[in-house]
Amino acid sequence: MPTATFEPVLTKTVHLPDSHTLAVYRKHGGYEGLAQALRKSPDEIIDVVKRSGLRGRGGAGFPAGTKWGFVPKSTDKPKYLCVNADESEPGAFKDRLICMKDPHQLLDGTLIAAYAIGSNRAYIYIRGEFAREAEILDGAIAEARRAGLIGKNILNSGWDCEVTVYRGAGAYICGEETGLIESIEGHRGEPRLKPPFPAVVGLFGCPTVVNNVETLACVPHIVTRGWEWFAGIGPERNTGPKLYGLSGHVAKPGVYEAPMGTSLRVLIEEFGGGVPGGRRVKAVIPGGASCPVLRGDEIDISMDFDSLTRAGSLFGTGTPVVMDDTACMVRAAWITARFFAHESCGQCTPCREGCGWLQRLLWKIETGRGEERDIDILLSVTDNIEGNTICALGDAAAWPARGFAKKFRDEFLQHIREKRCPHEGGSLH
Amino acid sequence: MATVKLKFDGRAIEVEKGTNLVDAGKKAGVFVPHFCYHEGLPVVGVCRICLCEIEGRPKLVAGCATPAEEGMSVVTRSQKVRDARAAVMEFLLIHHPLDCPMCDKGGECTLQDYTIAMGAAHTRFGFEKNTWPEESVGGKLILNKNRCILCLRCVNLCKDVAGKEEIAVLARGEETYIGTVAGQMIENELAGNIADICPVGALTSVDFRFKARPWELRNVPSICTLCSKGCNTVVGFHPRRNEVLRVTARENHDVNQWWICDRGRGQFHQFHDPSRLTAPARRRDGALQPVDWAAAIAGAADQVRDVIARHGQSAVGVIASAELTNEECHLVKRIFRDGLGLANVDFPARPQPPVVYPKFTIEGDRNPNARGARALGVGPGAGGRSVADMMRAAAEGQIRALLFLRGGPLETFGDPATVERALSRADLVLVVDRVPSPVSERAHWVLPGVSHVEKDGTFTNSEGRVQRGRRVLRLRGDAREEWRILQDLGRALGALSETDPGPEQIFDRIARSVPAFAGLSYTVLGELGAPLAARTADVAVG
């Protein structure tokens with residue numbers, strides 16, 4: 001292992017038989033975090049999480065403790081915690097591992113977070129396609145309830161909390177926190193206008209925190225090991241262990257736990273075993289489909305929020321998709337654009353109309369019918385979508401299209417000049 | 001109300017706290033374009049044409065969804081805002097059919113107006129457009145999804161104002177569309193408002209489509225007379241054809257907000273009822289035969305005087321109508337109660353089941369002017385009879401002359417058999433009406449009156465608000481306004497010493513003589529009406 005001193009915590013038990021059971025989780029110190037948290041005040045927990053520097057693992061990287069702190073203290077309304085297990089970003093599959101192999105770790109973190117924000121009700125919103133994972137979570141909840149970890153008077157603390165799994169019906173946009181809230185309420189999955197933010201007006205009009213699965217999985221460890229431990233891992237402002245979901249043209253795709261700030265090259269070459277067949281890395285989408293692509297010569301980069309933002313891309317969910325030199329960048333861009341056009345909720349104009357336009361332009365170029373000005377139109381359309389929409393899906397569609405067209409303009413031009421895709425028969429065909 | 005001070009394109013303004021930037025812009029004299037935003041509907045912020053820049057904020061904001069804040073500096077005349085709005089316009093048009101020449105909305109289409117104001121002259125799209133077939137969605141509306149920009153006004157009108165989720169957003173992405181589900185049609189009676197507020201030609205009115213181009217119409221502010229609510233309307237009148245082609249809602253926050261019901265919207269069909277009465281007629285040998293007005297007025301007046309001479313005042317019953325204007329009601333009072341000293345003066349109540357929607361009620365009184373009629377003294381004098389009582393008395397031979405100022409089905413006036421008997425037994429039955437009815441079929445004299453859009457005059461709604469109706473249509477045939485008929489009849493009866501040249505002067509007379517109307521004039525009423533004097537607010541309403 002390249003980071004010999006790093007001790008995995010999030011994936012510590014996932015390889016064990018029956019890792020999803022309460023017995024295994026407890027045997028390895030499970031629910032100790034909850035027990036310790038319940039002996040502290042909610043504010044102390046929020047403070048610890050703030051100090052740890054934990055940033056949301058769902059893509060936006062917003063500091064979790066700060067988010068919890070936004071929930072009003074003085075309100076008559078119930079407060080809700082929503083666990084975002086939608087994991088709908090193409091390329092991301094790290095939360096799935098936790099749901100499947102270590103659901104109690106998630107419940108542990110969920111209960112601590114609920115306690116910290118003063119909630120007695122948590123919903124785990126899981127994408128419809130994760131049917132098995134939803135069953136496992138339901139089983140874990142039942143186990144935890146029997147053990148007095150969910151329900152009334154948890155661990156004799158006098159605090160009650162219910163946890164319910166809510167299965168989505170398969171929409172990317174329901175991973176957007178207000179789209180998720182709408183979906184739990186039984187409405188169309190459409191993001192809300194913000195402000196107000198969910199911390200003030202969220203689920204059923206009540207203060208709500210929406211946290212990603214991996215974010216919450218970190219919480220028990222922060223409580224038991226202390227914020228200093230967490231803050232000591234990774235670069236400044238980008239702390240903690242991270243689950244990297246590596247896929248694409250690598251020898252050993254999978255979920256790897258390593259410190260925040262691990263080099264992308266190390267992830268690909270050492271964890272992932274490099275590109276098979278002796279091929280070279282041509283491009284990497286570093287953190288899920290919405291993140292602008294990096295060229296193969298840009299992979300000496302620290303995989304963390306701030307470094308990727310500085311590089312003009314995004315850390316996203318920290319789940320790199322690697323493409324070797326057989327991959328067509330126009331086609332990759334088109335596949336991404338097609339996804340976002342399909343997943344746009346259709347609510348606001350720039351995203352609804354723009355995503356379909358991007359998809360058409362990319363398909364036109366890919367199929368050898370493109371003109372040079374189509375690249376300019378494509379870039380202009382991305383500019384016209386970005387920043388003008390209700391939620392970030394529009395941006396998420398614009399960024400990769402622009403990224404591919406800018407980073408691989410020559411390849412786009414080659415398609416146009418040769419009036420065909422030079423990679424026909426390649427791995428993305 | 002707390003206010004906030006802010007700058008809007010450099011202009012200092014002060015607005016109520018919570019005012020959004022579209023409305024704040026109005027105050028600053030800056031037009032912020034908007035498709036989805038409508039004052040009467042929930043803010044959805046989806047069209048994005050109202051994007052504004054706020055100094056110090058990196059991202060543009062949707063003006064409709066952003067409240068004005070103290071010290072804010074809003075900028076709309078920047079390149080950034082112009083570019084963003086141009087982008088939205090381009091996006092809205094990529095699949096739009098640009099079929100303005102054959103679109104019913106052309107000429108009053110927000111999308112068309114904005115395209116002219118800030119749209120591009122050329123398309124960069126170059127792909128095949130998405131297309132959809134036209135379909136009926138109920139509510140007398142045709143849906144053309146090709147033109148739809150998904151502003152959701154229709155959805156939210158049904159959901160929020162009518163409380164009926166009869167039309168919805170379906171599918172997603174660029175396949176998103178507005179539609180009804182499982183063949184269920186729009187059935188709420190506010191659906192017609194959708195055609196008013198649809199900012200494009202996506203939902204157009206079955207009644208109006210292809211009848212005329214909007215610019216051919218003269219739009220006259222009017223009111224609806226189908227119930228006691230007194231909704232403010234715009235009557236779309238085609239001058240050359242002397243035809244009202246549509247009635248649309250006119251905003252009045254004291255009455256109907258932005259909406260009217262579909263009954264009122266469809267009232268214009270009545271104006272052009274082919275069975276309209278167009279000449280005075282007298283029954284001879286069992287059949288109605290046209291006579292000229294002079295003969296009709298003189299003949300009818302002679303008969304009324306004859307009945308009074310032979311049987312006394314109690315033998316005459318005047319069945320007035322609360323469909324008459326305030327001016328006409330005043331004439332009824334002066335002529336029959338004061339001039340002839342009749343006690344049997346009343347009008348029939350015309351109740352209907354009220355229809356209550358979350359944000360709009362169709363009132364339970366079909367009379368548009370019951371409150372005015374009562375305030376102006378149209379009602380039985382001492383010992384006088386109610387309408388049903390008059391019918392019984394006529395059926396028994398005690399009343400010999402029945403003067404109906406509006407006809408109608410027999411049950412309007414009482415037990416139908418009794419009314420039937422009253423009509424057949426009376427020596428004199430006179431009716432003023434626009435259309436034939438069971439009453440006119442049995443009358444001795446039939447005098448052709450007009451609709452409220454063929455005369456000037458005011459109505460007092462159930463809340464005591466006095467509002468003007470206006471003459472829009474030219475009179476057809478020999479029909480006459482009721483105020484004119486009443487004045488002529490009053491003079492012929494020797495019961496009206498002074499007459500006036502028109503309704504406005506009659507109204508001034510009312511204002512001078514009836515305390516509830518003191519201080520009012522056509523000028524004071526303006527376009528939105530004015531309430532009766534407060535001290536009469538408790539006047540009993542028949």
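Laboratory data are not the source of any read-out in this text; all were calculated from the coordinates shown. These numbers come from a predicted model, not from an experiment. All Cβ positions, glycine included, derive from the backbone under ideal geometry; neighbour counts span all protein chains shown.
A few notes on this one:
- Relative to the longest principal axis of the Cα atoms of chain B, helix B:503-513 runs at roughly 70 degrees.
- Each pair of Cα atoms in chain A enters the Kirkwood radius, and Stokes-Einstein at 20 °C and 1.002 mPa s then converts it into a translational diffusion coefficient of 97 µm²/s.
- Cα-based helix-to-principal-axis angle, A:409-418 vs chain A, degrees rounded to 10: 40
- For chain A, modelled as a GNM whose springs connect Cα atoms under 10 angstrom apart, the maximal fluctuation among A:Asp395, A:Asp108, A:Asp300 occurs at A:Asp300.
- With a threshold of 32 Å on the Cα-Cα distance, the over-threshold entries among B:Lys164/B:Lys211; A:Lys194/B:Lys159; A:Lys77/A:Lys101; A:Lys79/B:Lys59; A:Lys50/A:Lys152 are A:Lys77/A:Lys101.
- Take each residue in B:81-93, count the other chain C-beta atoms within 10 Å of its C-beta, and the mean is 4.
- Compactness check for region B:42-159: Cα Rg over 2.2 N^0.38 Å is 1.23.
- Region A:234-388: Cα Rg divided by the 2.2 N^0.38 Å rule of thumb: 1.11
- A P(r) calculated from all alpha carbon pairs of region B:411-464, with 5 Å bins opening at zero, reads 4, 17, 20, 18, 15, 12, 11, 2 percent.
- Put the Cα centre of region B:20-97 next to the Cα centre of region A:397-429 and the gap is 36 Å.
- Structure-based [θ]222 nm, chain A - -39500 (n - 2.57) summed over DSSP H runs of at least 4, per residue, nearest 500: -12000 deg cm²/dmol
- Region B:186-232: Rg to Rh, with Rh as the Kirkwood radius over Cα pairs: 0.99
- Partner shielding of B:165-175 amounts to 5, given as the average count of beta-carbon atoms from other chains within 10 Å of each residue beta-carbon.
- Kirkwood Rh in Å, taken over all unlike Cα pairs in region A:287-326: 10.3
- Partner shielding of B:42-52 amounts to 4, given as the average count of beta-carbon atoms from other chains within 10 Å of each residue beta-carbon.
- Choice from A:Asn384, A:Asn156, A:Asn211 showing the highest fluctuation, given a GNM over chain A with Cα pairs closer than 10 Å: A:Asn156
- Inverse of mean 1/r across different Cα pairs in region A:280-348, Kirkwood, Å: 12.6
- Annotation for region A:163-194 versus region A:222-255: alpha-carbon center distance of 27 Å.
- Our coupling estimate for region B:410-415, obtained by passing each phi through the Karplus curve with A = 6.51, B = -1.76, C = 1.60 and θ = phi - 60°, is 4, 5, 4, 9, x, 4 Hz, Gly and Pro reported as x.
- Counted over region B:400-491 with a bin width of 10 Å, the fraction of Cα pairs per bin, in whole percents, is 16, 39, 32, 13, 0.
- Loop-resident sites, region B:346-381, for trypsin sites (Lys or Arg not before Pro), counting at most 16 other Cβ within 10 Å (DSSP): B:Lys359
- In order through region A:326-333: 3J(HN,Hα) via Karplus (6.51 cos²θ - 1.76 cosθ + 1.60), integer Hz, x for Gly, Pro: 8, 7, 8, 6, 5, 5, 4, 5
- Dimensions of chain B based on its C-alpha atoms, expressed as ranges along the principal axes with the largest first, amount to 90, 50, 38 Å.
- For the residues A:Arg39, A:Arg26, A:Arg338, a GNM of chain A with alpha-carbon springs under 10 Å puts the largest fluctuation on A:Arg39.
- Cα centroid separation, region B:345-359 to region A:7-72: 64 Å.
- Calculated on alpha-carbon atoms, Rg and Dmax of region A:1-108 in Å: 15.9, 51
- Mean Cβ neighbour count within 10 Å, used as a protection proxy, ranking A:118-128, B:101-111, A:87-97 highest first: A:87-97, A:118-128, B:101-111
- For the protein assembly as shown, DSSP calls about 65 percent of its internal beta bridges antiparallel.
- Amide H to amide H, with H built 1.01 Å from N, B:Val439 comes under 5 Å of B:Gly408, counting only residues 5 or more places away or on other chains.
- Nearest 10 degrees, 0 to 90: helix B:416-425 Cα axis against chain B principal axis: 40
- Note that region A:43-101 shows a convex hull volume over its alpha carbon atoms of 117 Å³ per residue.
- Cα pair distances of region B:445-542 binned at 5 Å [whole percent]: 3, 12, 19, 21, 19, 16, 8, 2, 0
- Equivalent-ellipsoid semi-axes for region B:209-305 (Cα gyration tensor, √(5λ), whole Å, largest first): 36, 18, 12.
- Using the Karplus relation 6.51 cos²θ - 1.76 cosθ + 1.60 with θ = phi - 60°, the per-residue 3J(HN,Hα) values for region A:226-240 come to x, 5, 5, 4, 5, 5, x, 9, x, x, 4, 6, 9, 9, x Hz, with x marking Gly and Pro.
- Qualifying GluC sites (Glu not before Pro) in region B:326-420, where qualification requires a DSSP coil assignment and no more than 10 other C-beta atoms within 10 Å, are lacking entirely.
- Computed [θ] at 222 nm, deg cm²/dmol, chain B (DSSP H ≥ 4; -39,500 (n - 2.57); rounded to nearest 500): -6500 deg cm²/dmol
- The protein assembly as shown: translational diffusion in µm²/s, Stokes-Einstein, Kirkwood Rh over Cα pairs, 10 °C, 1.306 mPa s: 48
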